[in-house]
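Here is the structure we will look at, set down as structure tokens.
Derivation of every value follows stated rules applied to the coordinates shown; laboratory data play no part. Quick caveat, the model's predicted, so the values are computed rather than measured.
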Amino acid sequence: MMYTEPSKIRVAISYAFPRGGGAGEPLLLRLVRIVMTTLLMMAAVAIILVILVPAAVIGLVLVCSAWVYRRVMRLFVSAQGPNGILDGRRNVRVVNRDGTSQE
């Protein structure tokens, strides 16, 4: 078989950089490629899940604890505020409707 110069280059390139797939690929090579690709994808998903699931749980715990902290602080601030449960003032001054005070 006689090759012309461009076809020799094409043949050399096809040996150096084989294209996968197609009808000419051997069945065993195709099965190995499918299995290896599937295993690689499963490993990538497992690694992503190992990283993302704990990060999501930690983030959820942080958000919930910050929310609880703010609610408790708001409870104490409102209790210590004017007329709150922990307000230390004594209501000893009574203002009558006519504007005079009575002690």
Taking θ = phi - 60°, what integer Hz values does the Karplus form 6.51 cos²θ - 1.76 cosθ + 1.60 yield along segment 65-73, in sequence order, with x for Gly and Pro? 5, 5, 5, 5, 4, 5, 5, 5, 5
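Which value in Å does the Kirkwood hydrodynamic radius of segment 33-86 take, with 1/r averaged over all unlike C-alpha pairs and then inverted? Working shown, then result.
Details: mean 1/r = 0.0678 Å⁻¹.
Value: 14.8 Å, from the Cα pair sum.
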